[in-house]
1. Among the residues of the stretch 14-33, how many are open to solvent by 20 Å² or more (accessible area, probe 1.4 Å) and either touching a residue at least 12 places away in the same chain (Cβ under 8 Å) or closer than 20 Å to residue 135 by Cα (or both)?
2. Would you check if there is a residue in the stretch 51-66 being away from the ligand (no atom under 16 Å from the Cβ), of a type outside the set (Lys, Arg) and more than 28 Å from residue 182 (Cα to Cα)?
3. In the stretch 80-126, what count of residues is obtained for those that are of a type in the set (D, E, K, R) and either modelled with pLDDT of 95 or more or touching an Asp or Glu at 6+ places or on another chain (Cβ under 6 Å) (or both)?
4. Restrict the check to the stretch 105-127 and report whether at least one residue is closer than 16 Å to residue 17 by Cα, among the β-branched types (Val, Ile, Thr) and either within 15 Å of the ligand (Cβ to nearest atom) or touching a Lys or Arg at 6+ places or on another chain (Cβ under 8 Å) (or both).
5. Where residues in the stretch 130-148 are touching a residue at least 12 places away in the same chain (Cβ under 8 Å) and over 17 Å from residue 182 (Cβ atoms), which of them is farthest from the ligand (Cβ to nearest atom)?
6. Check 62, 36, 68, 102 and return the single one that is surrounded by fewer than 16 Cβ atoms within 10 Å (Cβ to Cβ) and over 16 Å from the mean Cα position of the chain (by Cα).
7. Test residue 52 against the stated conditions and say whether it is under 28 Å from residue 17 (Cα atoms) and open to solvent by 20 Å² or more (accessible area, probe 1.4 Å).
8. Of the residues that sit in the stretch 154-187 and are hydroxyl-bearing (Ser, Thr, Tyr) and within 9 Å of the ligand (Cβ to nearest atom), which one is nearest to residue 5 (Cα to Cα)?
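The values are calculated or read from the model by the stated rules, or taken from the named source; none is laboratory data. Nothing here was measured: the structure is a model prediction, and the numbers come from that model. Here the Cβ positions follow ideal geometry from the backbone for every residue, glycine too, while neighbour counts run over all protein chains shown. For accessibility, only protein heavy atoms count, side chains too; no ligands or nucleic acids. Shrake-Rupley method; radii C 1.70, N 1.55, O 1.52, S 1.80 Å.
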Amino acid sequence: EFGELSLKDIDNVAKSSFPLCMRHLFDKLREDHHLKHWGRMQLGLFLKGVGLKLDDALAFWKAEFSQKVGAERFDKEYAYSIRHNYGKEGKRVDYTPYSCQKIISLTPSVGDHHGCPYRHFSEENLRAALCKMGVNSGGVEDVMDKVRHKHYQLACTLTFEAIHGCPNDAGINHPNQYFSDSQKILK
Ligand code: SF4
């Protein structure tokens, strides 16, 4: 677990320190005010892992979802699963954020935004996403080369290195590790 994340900082740290998988879910949530089940799970557990407290998590999801489905329906249909992720409902299991291996093995369908972009995006969409992340054109080619060889986590590690301008010798194996490695450099 990494410190605490307050709601007012969330947009800034999403830009600077979220790996592409989480950045994509975060941007889609802000854009569509909605995410399907697995997207909510993947992003929600990640946010818990980076230190977003339950009350802030409820406020964060509600601010978006209520623009789409209304506050009442959010409270009725969606708040439960967020509390559930934090171990406050049902079996009261404290669920852990997904690893890269798990995310890469998921099978998103059309309209889903979960999964690993290096594995699940088209080449065109991945190139555009990398540019938006601030990877230069040489860096994009290096990343695409790893992707072609199905080395998705190495592709993510190269992205990290391109954005932060320094090596990540351990390599990326968990989105929450990407986040904490990034914050260590930026702080
Ligand atoms: Fe996310 Fe891991 Fe894929 Fe990077 S390699 S985008 S951290 S799932």
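1. So the answer is 9.
2. yes
3. The number of residues fulfilling the criteria is 6.
4. no
5. Among them, the one singled out is 136.
6. Result: 68 is the single residue among 62, 36, 68, 102 that is surrounded by fewer than 16 Cβ atoms within 10 Å (Cβ to Cβ) and over 16 Å from the mean Cα position of the chain (by Cα).
7. no
8. Result: 178.
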